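What follows is a short report on a single structure.
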Amino acid sequence: MTGLPEHLRTATRSRSEGAEERARAALSSLSKNGKQINFTTVARVGGIGTDFLYRHPELRALVERHRAKGGGPGGSIAEPTTASSTSSAVRALAARLAQDKRLHQEEVAKLRKALEVAHGENLLLRRRLARYETD
């Protein structure tokens, strides 16, 4: 940012401060209402991007601390959380990919078995043909 004119640096700083205020307000609101707190919900309620939360060390620590407590008053967990920042869509796609991979492996195993049988039949027929041609 050193090459930017002063008015652009000021505007950037102002925008970042506004986003930080919205993030803190979203954290406060979610905590008061007993809602689940994670990066996605804070970003959605605050009208900011999750990347801003991840890149801001202080906000990231706040979200992680609230998430570890369970997100709401009393520390009750609304939904179990898995790895940080893993969305349900990614988990669903990963599960689908694992299932497709398993099915593909089963199909390949069946096809290999069928190929072995076909090779065996081919060998048997070649041997019969060889006996027939020599007679």
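Classified by the C-alpha gyration tensor, the range 83-135 has a prolate form. Its axis ratio a/c, with a ≥ b ≥ c, is 1.5 or above, and a/b is larger than b/c.
Using a probe of 1.4 Å, the accessible surface attributed to Ser88 totals some 80 Å² when neighbouring protein chains are kept in position. Here's the picture: charge each Lys and Arg Cβ at +1 and each Asp and Glu Cβ at -1 in the chain, and of Ala43, Ala19, Ser29 the one pushed furthest to the positive end of that dipole is Ser29.
The residue among His7, Ala118, Ala61 whose Cα reaches farthest toward the positive pole of the charge dipole of the chain, with charges on the beta-carbon of Lys, Arg, Asp and Glu, is Ala61. Of the residues Glu58, Glu20, Glu107, the one that moves most in a GNM of the chain with alpha-carbon contacts below 10 Å is Glu107. The charge dipole of the range 83-133, taken about the Cα centre with unit charges on the Cβ atoms of Lys, Arg (+1) and Asp, Glu (-1), comes to about 120 debye, rounded to the nearest 20. Applying 1/(1 + (r/R0)^6) with R0 = 35 Å to the Cβ-Cβ distance of Ala114 and Thr134, what FRET efficiency is obtained, to the nearest 0.05? Once rounded, the FRET efficiency stands at 0.70.
The heavy atoms of Leu125 offer some 100 square angstrom of accessible surface to a 1.4 angstrom probe. At the residue level, Asp100 shows approximately 70 square angstrom of accessible surface with a 1.4 angstrom probe and all protein chains present. Taking Cα centre as origin and charging only the Cβ of basic (Lys, Arg, +1) and acidic (Asp, Glu, -1) residues, the dipole magnitude of the chain rounds to 220 debye.
The values are calculated or read from the model by the stated rules, or taken from the named source; none is laboratory data. A quick note: this is a predicted structure, and the numbers were derived from the prediction, not measured. Methodologically, a virtual Cβ is constructed for each residue, glycine included, from the backbone with ideal geometry; neighbour enumeration extends over all protein chains shown. Ligands, DNA and RNA are excluded from the accessible area calculation, which covers all protein heavy atoms including side chains. Shrake-Rupley method; radii C 1.70, N 1.55, O 1.52, S 1.80 Å.
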